[in-house]
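Report on the following structure.
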2 protein chains.
Amino acid sequence: MASEDGRRAIPDAAVARLPVYHRCLLDLETEGRVTVSSEQLAEMAGVNAAKVRKDLSHFGSYGTRGVGYDVTQLIIDLRRELGLTHNWRCVIVGAGNLGSALASFAGFRERGFEVVGVVDVDPQRIGRQIGGLVVGHEDELASIVAERDVAIGVIAVPPAAAQEATDRLVECGVRSILNFAPTVLDASDEVQIRNVDLAIELQILAFHEGRRSDDRPADAPSPA
Amino acid sequence: MASEDGRRAIPDAAVARLPVYHRCLLDLETEGRVTVSSEQLAEMAGVNAAKVRKDLSHFGSYGTRGVGYDVTQLIIDLRRELGLTHNWRCVIVGAGNLGSALASFAGFRERGFEVVGVVDVDPQRIGRQIGGLVVGHEDELASIVAERDVAIGVIAVPPAAAQEATDRLVECGVRSILNFAPTVLDASDEVQIRNVDLAIELQILAFHEGRRSDDRPADAPSPA
DNA sequence: AGCTGTGAATGACTTCACAGCA
DNA sequence: TGCTGTGAAGTCATTCACAGCT
C-alpha cells in the first residue's frame, strides 16, 4: 500500500509470511538447530526457497553463503522487524462465544499479545470472569485503553454492532483493529483494519470442493 | 491465457471476494433493494468498481447496462457458484476454547455450514454438550464423517496434534480442511487446506503499527 | 444519459538463474 | 562445493478506459 517513505518498503505479501517463518524458526530453535537453509525453511513454511530468500532480503537479513541462516539471529531480526520485542496489549470487544474463546486463547500470549481487557454491553456477561479477566462494560473502554496502554482492538460482536464498536475504539485512540464480524468497517485511513470472516474461509473451501465434483454422480450432500 | 479446460477458471483472488459480495447482497436484499450498480456494491465491499465488474464477469453474470445488477438474481448466481445451494456438513476436531466457540458459532449455520460433529481426545471433554452436540471421541471420527456425510473438517487442536488430526480426517475421506492450528500441514494435493492463524493476523497488525512510529522512544533499539 | 463487460496497460508478486562469497 | 542475494523474466492481479447495450 501507500507506505510512506523513510524505511524500506516490504511488500504486503511478504509481510504476511514473516510470521510463518518466525513460527518455524522457533520450532527449529526448540529442536536445537543452529542454522537453516532457505530450502529447509521453505519446506517447513510451505513455500519455495527463492521466496524465502527474497522475503528475508527485504529487511537486510544476512545468511551465510554455503551455510544458511543462523536460526537465533534470524529470530532476533524477525522479532525486531515484526515489532515483537515488546508485548502488544489488546482489548476484546464482545464477550460472546468467540470473544471468550479469544480471551482465553493461549496462542496469543505465547506470541507476544496480551489481552488486557474484555468488554460487552450485555449485563448478563458483564462481571463474568474469562481467561483471568473480568468482563467490563463497554463504557469502560476508554479507561481500559488509556490505563492499560492498549494498541490493538479485537472486534467480536455481532455484525450490526461492529461499526459502533469500531468507532468507539478509534475514539479511544486505537489504530489497529482485528475484525471478526462479517461486515466491512468504515474508518479513517489512519486506522488499519484486518478482517477475519470465518464463514468466508469455509465458503472458499466449498467453492473448490463444489468444483471438483462437476463430474461426480449423486454424491453431494442433500439439503438439510 | 485462460486454461481452456472444461469449466471457466476463476482467479483465486476473485474467489476470495465472492463471499464478500454475497454477504453484501444479502444485506441489500434485506433492505428491499432490487438492483445495485457495481459502484454501490464496491463501496459496500470495500473494493473498487472495476474489480467488482471483472470478478462477476468471470462466471458470466449479467447486469443490465444503464441499470446495474438484479440483486436477487445475483444472489442466486453467487450461491450456485459458491456451492451454497445445499448445506455443507462440517466436523470439528478439538473441543477446547476455540473448537467450542466454533461449534456454537451462529455465523456458520446462517451461511450454509452445519456443524454435525465435534470430537476430542480428552476424556474430560468427551460427553460434554456444545452447541447442541455431544462431544465424541476422536475414534468416532470415521463413523461421523461417513454417516453424517461430512465434507469439511475443521482443526482446532494444539499444533502438536494437528498433523495427526489432518491424517485422520483425510483417511476418513475429508478433502477440505480449515486449520486453526499454527502449523503447516502436510497432505496430498487432493486435499485443500486453508489456514487461519489468529496470532499471525495480530502480528501483521503489529508490524504496521510498529512501522508508523519510526521515532518511537525507548522501544526500538537501533542496530547498525 | 447511465452503467456494464472487456481488451489493453499497468502494477505487484513470484520464480528463474546465476554471480559471488564462505 | 553449497548456498545466499538479486537482477531479469515471467506470471498473475488490478486498474484504466472505452465500446456498446438499455
To the nearest 0.05, the calculated FRET efficiency linking A:Ser143 and B:Asp149 through their beta-carbon distance, R0 being 45 Å, is 0.35
Longest chain A segment clear of trypsin sites (Lys or Arg not before Pro) sitting in DSSP loops (not H, G, I, E or B) with at most 10 other Cβ atoms within 10 Å runs A:66-224
Residue-normalised 222 nm signal for chain B, counting each DSSP H run of n ≥ 4 as -39,500 (n - 2.57), nearest 500 deg cm²/dmol, is -12500 deg cm²/dmol
Expressed in nanometres to one decimal, the distance between label points 7 Å along Cα→Cβ at B:Glu114 and B:Tyr62 is 3.4 nm
Filtering chain B for DSSP H helices with an axial alpha carbon extent of at least 24 Å and a Kyte-Doolittle mean of at least 0.0 returns B:12-30
Subtracting the Cα-Cα distance of A:Val121 and A:Val134 from 0.36 nm times their residue separation yields 3.3 nm
The Cα radius of gyration of the range B:88-159, divided by 2.2 N^0.38 Å with N its residue count, comes to 0.98
Neighbour-count ranking for A:Asp77, A:Asp122 (other C-beta within 10 angstrom, fewest to most) reads A:Asp122, A:Asp77
With the label set 7 Å along Cα→Cβ, A:Ala146 is separated from its counterparts in the other copies, in nm and shortest first, by 6.3
With N residues in the range A:12-81, Rg(alpha-carbon) / (2.2 N^0.38 Å) equals 0.96
Taking B:Val34, A:Val71, B:Val135 and counting other beta carbon atoms within 10 angstrom, the fewest-first order is B:Val34, A:Val71, B:Val135
Residue span B:Thr72 to B:Ala13: 0.36 nm per residue of separation minus Cα-Cα distance leaves a gain in nm of 18.8 nm
Ranked on Cβ counts within 10 Å of their own Cβ, fewest leading, B:Trp88, A:Trp88 go A:Trp88, B:Trp88
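Quick note: the coordinates plus some simple rules give every number you see, no bench work behind them. Bear in mind that the values here come from a model prediction, so they are computed numbers and not experimental data. We place every Cβ from the backbone using ideal geometry, glycine too, and count neighbours over all the protein chains shown.
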